[in-house]
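Any read-out appearing in this document is the output of simple, stated calculations on the displayed coordinates, not a laboratory observation. In this text, all values refer to a predicted model and were calculated from it rather than measured experimentally. Here the Cβ positions follow ideal geometry from the backbone for every residue, glycine too, while neighbour counts run over all protein chains shown.
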Amino acid sequence: MVERSPTRYVGVLALTKNLVNNQQAFDDALRDDCDFVGIDTEFIRVNTFYPIPALYQLAQGSQITLVDAQAKLDYTALESTLLDPKVTKIMHACSEDLEVLQHHLGVRPRGLVDTQLAHAFLKPEFSLSYAALVERYLGVELTKQSTRSNWLKRPLSQAQLEYAIDDVLYLPELWSLIRLRLEQQGRYAWFTQEMLRLLDQPSVSAEDYYRTVKGAWRLQPRQLSILRSLVTWRELEARDRDVPRSKTVWDTHLMKLAQSESVSARVLERTLPPGVARVYANDVMQAFDEGKSATKLPEPLPRPFSPHQGKIVKLLRDIASETADRLGMAVELLARKRDVEACVRHYETQRVLPSWFNGWRDELLGDSFLQILSGQLG
């Protein structure tokens, strides 16, 4: 095991001991001669609906830039870089970082690669950490002592600066090695297809969030309409006030109200926590009435799988697992339960596999999946 290169690291730390928090320094730091940039974010999300961005870390060649995301800056140049498909953006386990960029900058990056996802095409390790990847590919051991520190506090400590630098310092080199192995094994195209699928995943709208509520499939159409109205109100309220859903009204409370014949101030006092009932009684009653009087009722939600459907899912997952094992890649790429269930539900109604299954998955599993689905559901 080796430690980080002392000369390189001390030099980088000297350059980044102060955060970039003024426009001139920020504009000067963004290079336009790089065809790749490593990106990470630090944020806080404790008592808010949205993440609060605290820091952007950028790695371009040997240059590391730590940008104070709390500073009042014009991020146009960074937004342009994120949207430029000719500049490869390198991230690790990017889902939360994408949420930060979307909320703060209104940007969904193009030309993005995720080293965690890319590695899963090479080894049966789906969620390997950044530190583990750096150790695996580069033989460098990282410390993670600042993971849960307060990134909004200023000034940042030396330990925080070192942690922030580490999180992007090795991304370009790491991606270079992983990409080479993907190309050598003929899996680079598979990975790029999967990255496109990840970036195309739509966020759940406020109007559709009721579909995620546990047990909602049990409700009758009118009850489901009430739940939809209540959950939509709760979503918009939480987002508007930027508070967690749990600080507004819990799912369990909304489910109970959706099954009520009517609501009144007294019913809400019995159903909701005192503070919630006091603040939101009128809003909840209005949302309830709108849902109950709606003319267009929602479609019933899918029921849990029957034993027969469960058997089909198991058969498909077994085939996918065997294929992943044979190829030495992460089984989750092929056999996650929710993905296989989605295949079964789609085939039941359309008699084809879903469109996202096209491409590399279809190449590996399409014929086998269709043979089982047509035999079991035909």
For the chain, with a Gaussian network of springs between Cα atoms less than 10 Å apart, report the residue from PHE36, PHE121, PHE305 with the top mean-square fluctuation. PHE305
Would you calculate the convex hull of the Cα atoms in the stretch 74-183 and tell me its volume per residue in Å³? 121 Å³
Over 28 Å between Cα atoms, which of LYS256/LYS311; LYS123/LYS337; LYS292/LYS337; LYS256/LYS296 qualify? LYS256/LYS311; LYS292/LYS337
What number do you get for the stretch 249-304 when its Cα radius of gyration is normalised by 2.2 N^0.38 Å, N = residues? 1.22
How large, in Å, is the stretch 257-354 by the Kirkwood hydrodynamic radius built from its alpha-carbon pairs? 17.5 Å
Helix-only [θ] at 222 nm, the chain, -39500 (n - 2.57) per DSSP H run of 4+, per residue, nearest 500, equals -16500 deg cm²/dmol
Rg [Å, one decimal], Dmax [Å, integer] - the chain, C-alpha atoms: 24.5, 71
Mind telling me which of TYR163, TYR210, TYR280 comes out most flexible in a GNM of the chain, alpha-carbon contacts under 10 Å? TYR280
Using the alpha-carbon atoms, what tilt in degrees (0 to 90, nearest 10) does helix 274-292 show relative to the longest principal axis of the chain? 60 degrees
How many angstrom lie between the Cα centre of the stretch 65-138 and the Cα centre of the stretch 22-55? 10 Å
Rounded, prolate or oblate, given the Cα gyration tensor of the stretch 206-292, with a/c below 1.5 counting as rounded? oblate
Under 10 Å, Cα contacts only: if you run a Gaussian network model on the chain, which one of ALA71, ALA189, ALA265 comes out with the highest mean-square fluctuation? ALA265
Could you derive backbone 3J(HN,Hα) for the stretch 77-89 from the dihedral phi with the Karplus parameters 6.51, -1.76 and 1.60 (θ = phi - 60°), listing whole Hz in sequence and x where the residue is Gly or Pro? 5, 5, 4, 5, 5, 5, 8, 7, x, 7, 9, 6, 9
Dividing the surface of the Cα convex hull of the stretch 6-199 by four yields a projected area in nm² of 11.0 nm²
What trypsin sites (Lys or Arg not before Pro) does the stretch 149-191 have in DSSP loop regions with at most 13 other beta carbons within 10 Å? LYS153
Measure nothing but the geometry: give the 0 to 90° angle between the long axis through the Cα atoms of 337-350 and the longest principal axis through the Cα atoms of the chain, rounded to 10°. 50 degrees
Rounded to two decimal places and with Rh computed the Kirkwood way over Cα pairs, what is Rg over Rh for the stretch 318-378? 0.95
Can you grab the distance from the C-alpha centre of the stretch 159-176 to the C-alpha centre of the stretch 217-280, Å, no decimals? 44 Å
Express as a percent, rounded to the nearest 5, the fraction of DSSP beta bridges in the chain (both residues included) that run antiparallel. 60 percent
Say R0 is 30 Å: what FRET efficiency, to the nearest 0.05, do GLU261 and GLU299 get from their beta-carbon distance? 0.85
Distance between modelled label sites at LEU236 and VAL279, nm, 7 Å Cα→Cβ extension: 1.8 nm
